[in-house]
Amino acid sequence: MAREKIKIKKIDNITARQVTFSKRRRGLLKKAQELAVLCDAEVALIIFSATGKLFEYSSSSMQDLLGKYKLHNRDKTDEPSLDLQLVEGDEVRLSKEINDKNRELSQLRGQDLQGLTIDELENLETLLQGGLSRVLQAKDEKFGNEMSSLQEKSAKLMEENKILKQQMMLILNGKRSQDNMISNPEDQGQSSESVTTNVYSCNSGPPPEDDGSDTSLKLG
């Protein structure tokens, strides 16, 4: 009969776990020894039990094999990783692009033109003409916007000045009227008295004659 396949999981029974560890440890050490002998390989095996007990096997000196292992890991660490290589490649590409842009900027300024061909000079001239036309267009638009803004501000100020002038004229006219009334009070009194006299003379007629002379003659 075929043996039932054991499910690989932690053995809960402590005694069964210790028995299984002992058996499989011996089998693993035997396999490591066979591998070293049959294949002429350098094999080092280190096992720690659940209680912390050490079991080891080495086809040669364990210290030599561990030193070789550490040296191998250090060499692998020193090798640039794929991510580092990609970053370095990006840095090189960006550095080249920056240098190209700086050279183009210098040429646009009229510098470093000695090594350019006629076609390159013509292309540079076209770029400069196009850039100059765009600069002039932007300048004209900016100037027009500023002029419109100044005209609007000027019209607003003129309207405010007109309103202030009207208000000042009203204030001055009112002040002059008050000054005239204060400076001529006698004229006003005389005019009122003359009006009263005229009214009295018109209403009463001529004053009556005095009969004092006739009375005195009669008494004498």
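Just a few scattered comments:
- Heavy-atom accessible surface of LYS70, to the nearest 10 Å², is about 140 Å², with a 1.4 Å probe and all protein chains retained.
- For segment 1-149, the mean projected area of the C-alpha convex hull, equal to one quarter of the hull surface, is 26.9 nm².
- The residues of segment 34-148 expose, per residue, 85 Å² of accessible area to a 1.4 Å probe.
- Solvent-accessible area of THR117 with every protein chain in place, 1.4 Å probe, in Å² to the nearest 10: 70
- Here segment 1-148 is assigned +1 on the Cβ of each Lys and Arg and -1 on the Cβ of each Asp and Glu. Its dipole about the Cα centre then comes out at about 2440 debye.
- Heavy-atom accessible surface of segment 1-155: percent carbon and sulfur, 1.4 Å: 56
- Straight-line cross-link reach from LYS23 at under 22 Å between alpha-carbon atoms covers these lysines, not counting any fewer than eight positions away in the same chain: LYS5, LYS7, LYS9, LYS10, LYS31, LYS53.
- Accessible surface for ARG103 stands near 120 Å², nearest 10, in the context of the full protein assembly shown (1.4 Å probe).
The values are calculated or read from the model by the stated rules, or taken from the named source; none is laboratory data. Quantities reported herein were computed from a predicted structural model and do not represent experimental measurements. A quick note on method: Cβ atoms are made from the backbone with ideal geometry, for glycine too, and the neighbour counts reach across all protein chains shown. For accessibility, only protein heavy atoms count, side chains too; no ligands or nucleic acids. Shrake-Rupley method; radii C 1.70, N 1.55, O 1.52, S 1.80 Å.
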